[in-house]
Amino acid sequence: MADEPSPQSGQIDSVFRNGSMTVVGVLTAFSLGILTQWTDDPEPWHWIDLIVVAPMVAGIAAQLVALKRLLHPSSLEAPVYSRAIRMFLWGLSLLAAGVLLSVVQDGAAVI
């Protein structure tokens, strides 16, 4: 299709960005579901639980910030898009660390 203009250098295709927004939105909702499930545990909370919940909350906050950045029209610029995706990946990593800490904490409680 020779009639279509080529995307400008440093620009992200809007269809590509929309797909990324969908992935970020779905995984952020999934992350909120994990936190909700974890906090709904019938066991009473202890101070040590903050070690688990802090990275989970920070990770979800980073994911929400990334989603906010991707929703802004300026995220079609490659540097803005890259920063938003990096923020999302950091958030996902923090959430995974919180889940891993939760598993270790539960395992230690059984021993």
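We did not get these values from a lab; they are worked out from the coordinates using the rules stated. Since the structure is predicted, the reported quantities are computational estimates derived from the model, not experimental observations. Cβ sites come from the backbone with ideal geometry, for glycine too, and all protein chains shown count toward neighbours.
Residues considered: ASP41, ASP49, ASP13. Largest GNM mean-square fluctuation over the chain, using C-alpha springs under 10 Å, is found at ASP41. For region 14-26, backbone phi angles converted through the Karplus equation (6.51, -1.76, 1.60; θ = phi - 60°) give residue-by-residue couplings of 5, 5, 5, 5, 5, x, 5, 4, 5, 4, 4, x, 5 Hz, Gly and Pro being listed as x. Taking K and R as +1 and D and E as -1, what net charge do the other residues with C-beta under 15 Å from the C-beta of ILE12 add up to? In short, +2.
May I ask you to sort SER102, SER31, SER14 by Cβ crowding, counting other Cβ atoms within 10 Å and putting the fewest first?
Details: SER102 19, SER31 23, SER14 12.
So the residues, fewest neighbours to most, are SER14, SER102, SER31.
For the chain, the longest principal axis of the C-alpha atoms and the axis of helix 78-110 are separated by about 20°.
Count the net charge of all other residues whose Cβ sits under 14 Å from the Cβ of ASP49, scoring Lys and Arg as +1 and Asp and Glu as -1. Could the numbers behind the result be given before it?
Working: positive: none; negative: ASP40, ASP41, GLU43, ASP106.
That works out to -4.
Over the C-alpha trace of the chain, radius of gyration and Dmax come out as 18.3, 68 angstrom. The stretch between LEU71 and PHE30, if pulled fully straight at 0.36 nm per residue, gains 12.9 nm over its current Cα-Cα span.
Summarising the amide proton neighbourhood of ILE12: residues at separation of 5 or more, or on other chains, whose placed amide H is nearer than 5 Å comprise GLU77, ALA78.
Under a model in which nothing but the beta-carbon of Lys, Arg (+1) and Asp, Glu (-1) is charged, region 28-111 shows a dipole of about 560 debye around its Cα centre.
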